[in-house]
Amino acid sequence: MTLKLSYHGQTTVPVEVEGLTPDWACDKTPAEIEKFEIFHGNRKLPLAEMFRVTGDAGDKCLEFEGDLSGVHWIGAKTASGHVRILGPAGRHVGSEMSGGSIVVEGNTGGWVGVEMRGGFIHVRGNAGHLAGGAYRGSTKGMTGGTLLIDGNAGNEIGLSMRRGLIAVGGSAGDLLGFN
């Protein structure tokens with residue numbers, strides 16, 4: 001059974017869920033997952049203050065729903081399992097992931113799949129800047145995996161990319177950064 005995370009936060013302050021991956025959640029109860037610490041701006045708080053948690057993560061499947069455009073780091077550092085995002089998502093979706101898959105049923109902010117080493121990301125909308133690229137100061141962008149963007153993508157797609165595949169169905173911004 002899939003673990004469902006329904007976002008009910010009403011804030012303009014960024015929310016960060018870095019570390020909440022299928023690998024981390026798979027052996028936890030919903031009560032333990034509700035206690036996972038997230039950031040709301042510079043404040044730490046339990047996941048349950050912003051998300052309703054239902055289901056079971058034993059199958060390594062997480063499903064996020066709601067307007068997640070202000071929620072960042074969804075699926076970052078995923079190594080296995082599946083993440084599905086029903087709606088728009090914030091920055092850093094699937095950044096530094098090494099395996100597993102992420103499907104976004106909407107748009108994403110910047111840095112989707114940045115420094116990705118493996119796995120599969122499919123954005124069924126538009127993506128922001130630096131998709132599959134490198135963080136500022138880093139010498140390596142994406143080194144493996146597949147990143148599909150059905151819509152448009154921002155600037156510097158694949159900046160310092162070494163390996164992997166990025167496909168954009170719409171238009172891409174300036175300075176494609178493939179080396």
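Quick notes on this one:
- Any hit, the stretch 69-80, residues being of a type in the set (F, W, Y) and closer than 17 Å to M142 by Cα: yes
- The lone exception for D56 - which of (1) among the charged types (D, E, K, R); (2) in contact (Cβ under 8 Å) with a residue 24 or more places away in the chain; (3) closer than 19 Å to I149 by Cα it fails: (3)
- Residue within the stretch 38-45 that is assigned to a helix (DSSP H, G or I) and surrounded by fewer than 23 Cβ atoms within 10 Å (Cβ to Cβ) present: no
- Listed by first and then second residue, the pairs linking a residue in the stretch 18-39 that is closer than 19 Å to S6 by Cβ to a residue that is among the polar types (S, T, N, Q), with Cβ atoms under 8 Å apart and 6 or more places separating them unless they lie on different chains, are T21/T78; P22/T78; P22/S80; P30/T54.
- Check on S6, part of a strand (DSSP E or B) and of a type outside the set (D, E): yes
- Elements of type strands (runs of 3 or more DSSP E) contained in the stretch 72-179, each with 1 or more residues being open to solvent by 10 Å² or more (accessible area, probe 1.4 Å) and within 22 Å of K60 (Cα to Cα): 82-86, 101-104, 120-123, 143-149
- Those residues of the stretch 56-67 which are in a strand (DSSP E or B) and touching a helix residue (DSSP H, G or I) at 6+ places or on another chain (Cβ under 7 Å), in sequence order: C61, L62
- Residues of the stretch 14-37 that turn out to be open to solvent by 60 Å² or more (accessible area, probe 1.4 Å) and either part of a helix (DSSP H, G or I) or farther than 19 Å from A79 by Cα (or both), as a count: 6
The values are calculated or read from the model by the stated rules, or taken from the named source; none is laboratory data. Everything quoted here is computed from the prediction, not taken from an experiment. Using ideal geometry, Cβ is built from the backbone for each residue, glycine included, and neighbour counts are taken over all protein chains shown. Surface areas here come from the heavy atoms of the whole protein model, side chains and all, with no ligands, DNA or RNA. Shrake-Rupley method; radii C 1.70, N 1.55, O 1.52, S 1.80 Å.
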